[in-house]
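S.K.: Let me give you the structure first, and then I'll get to my questions.
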Amino acid sequence: MGFELQRVIVAGLLAGATLGLFGGVAYSGERTVLIGIEPDGRVSEVARRRLEGYLNTQGCTADIRFNSNDPARALVFRVGIPGAGESPALVAVNSAGDLPQPAWITRRSAGVRGLAELEDRDLATVAGQDPLGAELPVEALRKEGVSPDPGQLYEAGDYSSALGLLLHNNTHAAVSELGFVEPFLDKNGLVVTWSGPPLIAAAWYRHAGWREAAANCEQALVRRQREDDRQAFAAFPEWVAGFARHDSQHSEDSSQ
């Protein structure tokens, strides 16, 4: 009789441990925030692991996935100008903490006085979906009557490479982002020939899976800067130095 009672007790303990184990997993799953990043190009796994690791230390139990369409996503980072009705939760900002501005950069020695003088010149752009890298600067050229042939546009992999083409005299001008390029101007003999208005060019958006747990993730993202971990920020365009709340000031800047 005692032996049978012992068996019942052991079985009960095992069942309780099993329920506790699975209950713990379920609870952990409820706390996990699924985060999507739609990178503008190829990104190494190192960037994902480092960003995920940082978020996990900040009270955000994150599961980061690149190019995922999972409907459970709570936050998604996307490059591009927001569409009609879209309202970002966080906007990407440059090194000055401002919304980015597209720019055309030339060598000071070239004496370029305006975009019209870039007609029939070789130009460096940045490949990908980032509107600052090609779309907006090329549109500015066309407004000045300059329509470069495809063979005159050299697509670089990032903003540093585009500047490199200019500095090595492979092109007559290069696109950039104003905050990103400003530290390089004087010491390299470069000037800003044109810059556009500030705008939202990349942002974090809330999706169907958003819940209160994701608020910790947003707060952690606002606190992190590129200078804190450049490897983690490789998941974002090179000009992105950090993130800010989509407040009224940023809304006003992007609409000007």
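The values are calculated or read from the model by the stated rules, or taken from the named source; none is laboratory data. Since the structure is predicted, the reported quantities are computational estimates derived from the model, not experimental observations. Cβ: placed from backbone, ideal geometry, glycine included. Neighbour counts: every protein chain shown. What goes into the accessible areas is simple: the full protein's heavy atoms, side chains included, and nothing from ligands, DNA or RNA. Shrake-Rupley method; radii C 1.70, N 1.55, O 1.52, S 1.80 Å.
S.K.: Within region 153-166, can you find the residues that are farther than 10 Å from residue 124 by Cβ and either over 23 Å from the mean Cα position of the chain (by Cα) or open to solvent by 60 Å² or more (accessible area, probe 1.4 Å) (or both)?
M.R.: Passing the criteria: only 157.
S.K.: Further, regarding this structure: Looking only at region 130-151, how many residues end up being over 20 Å from residue 179 (Cβ atoms), of a type outside the set (A, V, I, L, M, F, W, C) and crowded, with 16+ Cβ neighbours inside 10 Å?
M.R.: Residues in region 130-151 being over 20 Å from residue 179 (Cβ atoms), of a type outside the set (A, V, I, L, M, F, W, C) and crowded, with 16+ Cβ neighbours inside 10 Å: 1 in total.
S.K.: Looking at region 132-157 only, could you name the residues that are farther than 22 Å from residue 185 by Cα and in a loop (DSSP other than H, G, I, E, B)?
M.R.: Across region 132-157, the qualifying residues are 144, 145, 146, 147, 148, 149.
S.K.: Considering region 225-248 alone, what residues qualify as being small (Gly, Ala, Ser) and open to solvent by less than 30 Å² (accessible area, probe 1.4 Å)?
M.R.: Within region 225-248, 232, 235, 241, 242, 244 qualify.
S.K.: Would you say residue 174 is surrounded by 15 or more Cβ atoms within 10 Å (Cβ to Cβ), free of Cβ contacts under 8 Å to residues at least 40 places away in the same chain, hydrophobic (A, V, I, L, M, F, W, C) and under 22 Å from residue 115 (Cα atoms)?
M.R.: no
S.K.: Right, here's the next one. Which number in (1) under 30 Å from residue 120 (Cα atoms); (2) acidic (Asp, Glu); (3) touching a residue at least 24 places away in the same chain (Cβ under 8 Å) marks the one condition that residue 218 misses?
M.R.: (1)
S.K.: Output the residues belonging to region 97-131 that are over 16 Å from the mean Cα position of the chain (by Cα) and part of a loop (DSSP other than H, G, I, E, B).
M.R.: 111, 112, 113, 114, 119, 120, 121, 122
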